[in-house]
1. Which residues, taken from segment 351-364, are over 22 Å from R288 (Cα atoms) and open to solvent by less than 90 Å² (accessible area, probe 1.4 Å)?
2. Conditions: (1) open to solvent by less than 20 Å² (accessible area, probe 1.4 Å); (2) over 21 Å from the mean Cα position of the chain (by Cα); (3) within 16 Å of the ligand (Cβ to nearest atom); (4) closer than 20 Å to T33 by Cα. P161 meets all but one. Number of the miss?
3. Tally the residues that are within 15 Å of G246 (Cβ to Cβ), more than 14 Å from the ligand (Cβ to nearest atom) and surrounded by 14 or more Cβ atoms within 10 Å (Cβ to Cβ), restricting the search to segment 164-209.
4. Could you list, ordered by first residue, the pairs with Cβ atoms under 7 Å in which the first is in segment 209-232 and without any contact (Cβ under 8 Å) to a residue 40 or more places away in the chain and the second is among the aliphatic types (A, V, I, L, M) and part of a strand (DSSP E or B), at least 6 apart or interchain?
5. Does E45 satisfy the criteria of being acidic (D, E) and more than 15 Å from the ligand (Cβ to nearest atom)?
6. Output the helices (runs of 4 or more DSSP H) that fall wholly within segment 60-139 and possess 2 or more residues being within 16 Å of the ligand (Cβ to nearest atom), of a type outside the set (D, E) and open to solvent by 10 Å² or more (accessible area, probe 1.4 Å), or say none.
7. Taking only segment 30-48 into account, find how many residues are in contact (Cβ under 8 Å) with a residue 60 or more places away in the chain and open to solvent by less than 60 Å² (accessible area, probe 1.4 Å).
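The values are calculated or read from the model by the stated rules, or taken from the named source; none is laboratory data. Model, not experiment: these values are computed from the prediction. FYI the Cβ positions are ideal-geometry reconstructions off the backbone, even for glycines, and counts take in every protein chain you see. Just the protein is used for accessible areas: all its heavy atoms, side chains included, with ligands, DNA and RNA removed. Shrake-Rupley method; radii C 1.70, N 1.55, O 1.52, S 1.80 Å.
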Amino acid sequence: MKVVLSYSGGLDTTVCIPLLKEKYGFDEVVTVTVDIGQPPEEIKEAEKRGKKYADKHYTIDAKEEFVRLLFRLIKANGDYEGYVLGTSLARPLIAEKIVEVAKKENADAIAHGCTGKGNDQLRFENVFYQYGFRVIAPMRELNLTREWEIEYAKQHGIEVPVTKEKPYSIDENLWSRSIEGGKLEDPSFEPPEDIFEWTASPAKAPDEPEKVEIYFEQGVPVAINGERLPGLELIRKLNEIGGRHGVGRTDMMEDRVLGLKARENYEHPAATILITAHRDLEKLVLSRRELKFKKFVEEEWAELVYYGLTNDPLFDALNAFIDETQKRVTGWVRLKLFKGSVTPVARYSEFALYREELVSFDTTAIDQKYAEGFSRFHGLQGRIYREIIKKKE
Ligand code: ARG
């Protein structure tokens, strides 16, 4: 019997390797680490450990595919309750990659290290079940403590990662870094500065603001400050620039799919910069009615991603609408980064629905007298209503 395990290299998933043999009776464990832009050291470490402790290991590079999903997210201004959806969007992609290996390996089951309290179990399993695999979740089924895991790891000759007493649960990819657990579980406890790795403290960020110009083509970012860059590099570069200025921190209460509220901290400089710029450009080129309706579409879109329900037909329908609106989202936005803030300061598009000669204080392109008749009708029903109730007083 063979099982394919979604593998991060951490203590939980490493302990799963002997557990799958001893408690679940598998003869062979194949580990799979999917690269979606985690720090390269983390990928290397996972590969090293997978090769050492499992019977076979795969490292799969899905960075380019993840970037394509992120382009979708940017078009949809992806935002769930203020969260930029990095982990959420990545899970179904990781799951698809695991399934590919499981098929190739003719595996009898797929295992993952998610607990029974979070969203990730749902996002993963929706894909695993789609392909008819038996699913095993040792962390959810066995209720293990960290102490027990460390002891068990030692008994099985597994090196316990010597990270200096890691009190938090971290999940990181190209788009965002999430920090939860430990003392942060108390919402009244302020996050200490040392939980952050991507962003400088806004208070200690440079005293000089930095300007950055983002170019979009049909809703997709293609260049920074005039330099065309492939998506992966563009996002990495903005994480770096934004991080330096303390841009993109979120400390929030989040509603998980199961109904539990959770206290979450995130870092996501590129996400904040790109979505801020993209929204600004949309305001220049989309009509008022498009903008109003798209907000509602975006909310549904984000919820489907958060819930791991991107296989729902509604997701395709929403994307079709979004793509239609993005045909004109071409142009640039200049932003000012300063001590944690991102502010659009200039924008341009050949598709702008804005006309300076119409709105300007300094031109007579439109005869203002035309507004007089409009104004006679504007608010008519309200005026009638006020008249009526005044009479009844
Ligand atoms: N709350 C976020 C989500 O559900 C991030 C979860 C991160 N996972 C983790 N194991 N730290 O998408």
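1. Passing the criteria: only T363.
2. Of everything listed in (1) open to solvent by less than 20 Å² (accessible area, probe 1.4 Å); (2) over 21 Å from the mean Cα position of the chain (by Cα); (3) within 16 Å of the ligand (Cβ to nearest atom); (4) closer than 20 Å to T33 by Cα, P161 misses just condition (1).
3. 8
4. The qualifying pairs are I224/V212; I224/I214; N225/V212; R228/V222; L229/A223.
5. For E45, the condition - acidic (D, E) and more than 15 Å from the ligand (Cβ to nearest atom) - is met.
6. 86-104, 120-130
7. Qualifying residue count for the region: 7.
Conditions (1) within 30 Å of P206 (Cβ to Cβ); (2) touching a Leu at 6+ places or on another chain (Cβ under 9 Å); (3) open to solvent by less than 100 Å² (accessible area, probe 1.4 Å), marked per residue:
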site	(1), (2), (3)
A317	no, no, yes
T325	no, yes, yes
K339	yes, no, yes
D367	no, no, yes
G382	no, no, yes
